[in-house]
Structure formats: C-alpha cells, structure tokens
1. Answer yes if at least one residue in segment 80-91 is of a type outside the set (Val, Ile, Thr) and in contact with a Pro (Cβ under 7 Å, 6 or more places away or on another chain), and no otherwise.
2. Hey, any hits in segment 108-119 for a residue that's of a type in the set (D, E, K, R) and surrounded by fewer than 21 Cβ atoms within 10 Å (Cβ to Cβ)?
3. Name the residue that is surrounded by the most Cβ atoms within 10 Å (Cβ to Cβ), counting only residues in segment 154-189 that are assigned to a loop (DSSP other than H, G, I, E, B) and among the small types (Gly, Ala, Ser).
4. Among the numbered criteria (1) without any contact (Cβ under 8 Å) to a residue 60 or more places away in the chain; (2) aliphatic (A, V, I, L, M); (3) not in a loop (DSSP other than H, G, I, E, B), which one does ALA99 miss?
5. Scan segment 72-88 and give yes if some residue there is closer than 20 Å to GLY38 by Cα, under 19 Å from the mean Cα position of the chain (by Cα) and not assigned by TED's automatic domain parsing to the domain that holds LEU17, otherwise no.
6. Test ALA150 against the criterion of being modelled with pLDDT of 90 or more, crowded, with 17+ Cβ neighbours inside 10 Å, under 15 Å from HIS129 (Cα atoms) and among the hydrophobic types (A, V, I, L, M, F, W, C), and give yes or no.
7. Test GLY83 against the stated conditions and say whether it is at positive phi and not charged (D, E, K, R).
8. Only one of ALA28, ALA18, ALA67 is in contact with a strand residue (DSSP E or B) (Cβ under 7 Å, 6 or more places away or on another chain), small (Gly, Ala, Ser) and in contact (Cβ under 8 Å) with a residue 60 or more places away in the chain; which?
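The values are calculated or read from the model by the stated rules, or taken from the named source; none is laboratory data. Worth saying up front: this structure is predicted, and the values here are computed from it rather than measured. Neighbour counts run over all protein chains shown; Cβ positions are idealised from the backbone, glycine included.
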Amino acid sequence: MKAINIREFGAPDVLELADAPNPEVRPADLLVRVHAAGVNRADLTHRTGGYGHPNFGDSLIIGLEIAGEVIAKGDLVTGFEVGDRVMGVVGGGAYAELARIDYRMAMHIPAQLDYVRVAAIPEVFVTAHEAMMHLARLKSGDSVLIHAAAGGVGSAAVQLAYATGATVYATTEGSKLARVEHLGCRYRH
C-alpha cells in the first residue's frame, strides 16, 4: 500500500509518498480503506519532531483519525460489517491507503455526512467527551467554562455541553464570538 512517510522533521514538504506493508488484522480490528484522514495538532507536532519518531501503539505511520470503508474484520468484531462506512481514532497509521482500528474505537458514519468532513470529528469529540462527560461528569443544569472555544476541541466541547443541557461560558477572540454562539454558547468573554 501507499502511505505518507517522514524521512526527516520539518515543513510540510518533508512528507513523502512511500510503500508500506499492509496492516495485519488482529481479532478486534477492522481493516479500513481510508478515504480521508484528519489533520490535527498532534500530526503537526509529529511532523516537526515534537514527539521524535513515536510508535502510537499500532503503527509508525503518521495520523490518528480516519474515515473510510471496512474491507475486513477480525473474529471478535461485533456491530460492523465489510462495506460499512466508519470513522474513528487510530493508534497511528491514518495517512495510508489502509488502516486498522480497534472496532471499539470506530463509529458508523451517518449517511448524510461525507468522508472528508467526518475525518475531522473523532479526535476532538473523543477528547472533549472524555474531559467533560467522563472525567468532570457534566450533566444538565451544570455550568461549564470552555477556554479557546473556537478551536477544535473547544468547539466540540461547546457543542457537547450545550447538547447535555449545561450552561456554557466560553472564551475566544472577539472575531470568533458569533461562531461560538452559533455552537451553543450563550455567555462569553
């Protein structure tokens, strides 16, 4: 398969298309033909050398978010079939033609959404959900202050808090206030 390789750290032009082995499908994995990959701050940090050449757990290939079509699945997988459209967070390997994902980290893609848009959803929403819903146990009637509310994780946090029924307070730069209000924040500074 083809994948993005980083020979040395630096500007975007250090990324190169190269051959890589296909990922092996383990019992709890989906093998996904990647149609789009998210580009997030972790990828930029990786490209410029902030992490060295890490192994994210599953792959040395850059990229943590995928959207694509299931082409194979492991024996322990439930709830997914070959041909399903999925998105999710992977342990590296998103910048490739094929990626494996533990099925418990995969989500079905709603029919009305395209691959490019959903590739940017998993990392920010999983991060915001983990912080607010799991760790802080946010619930209806609570109040929450979200800093950098116009950024990726911040905008996901605003939407999740609003959907939960919490009162959302947020900070952002003045030119982005209308966007943050549109996402569900009623109080800002």
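1. From segment 80-91, those of a type outside the set (Val, Ile, Thr) are 80-81, 83-85, 87-88, 91; that's our starting set.
Within this subset, residues satisfying the condition of being in contact with a Pro (Cβ under 7 Å, 6 or more places away or on another chain) are 87-88.
Yes.
2. yes
3. Of segment 154-189, the ones assigned to a loop (DSSP other than H, G, I, E, B) are 165-166, 171-173, 184-186, 189.
Next, from what is left, pick out any that are among the small types (Gly, Ala, Ser): 165-166, 184.
Values: GLY165: 11, ALA166: 21, GLY184: 19.
The qualifying residue surrounded by the most Cβ atoms within 10 Å (Cβ to Cβ) is ALA166.
4. All conditions pass for ALA99, except number (1).
5. Taking segment 72-88 as the starting set, the residues that turn out to be closer than 20 Å to GLY38 by Cα are 84-88.
Adding the requirement that they be under 19 Å from the mean Cα position of the chain (by Cα) leaves 84-88.
Next cut, not assigned by TED's automatic domain parsing to the domain that holds LEU17 only: none.
No, segment 72-88 contains no residue that is closer than 20 Å to GLY38 by Cα, under 19 Å from the mean Cα position of the chain (by Cα) and not assigned by TED's automatic domain parsing to the domain that holds LEU17.
6. Values: modelled with pLDDT of 90 or more: yes; crowded, with 17+ Cβ neighbours inside 10 Å: yes; under 15 Å from HIS129 (Cα atoms): no; among the hydrophobic types (A, V, I, L, M, F, W, C): yes.
No: the conditions fail for ALA150.
7. Working: at positive phi: yes; not charged (D, E, K, R): yes.
Yes; evaluated as a whole, the condition is true for this residue.
8. Values: ALA18 fails: in contact (Cβ under 8 Å) with a residue 60 or more places away in the chain; ALA67 fails: in contact (Cβ under 8 Å) with a residue 60 or more places away in the chain.
None of the other options fit; the residue is ALA28.
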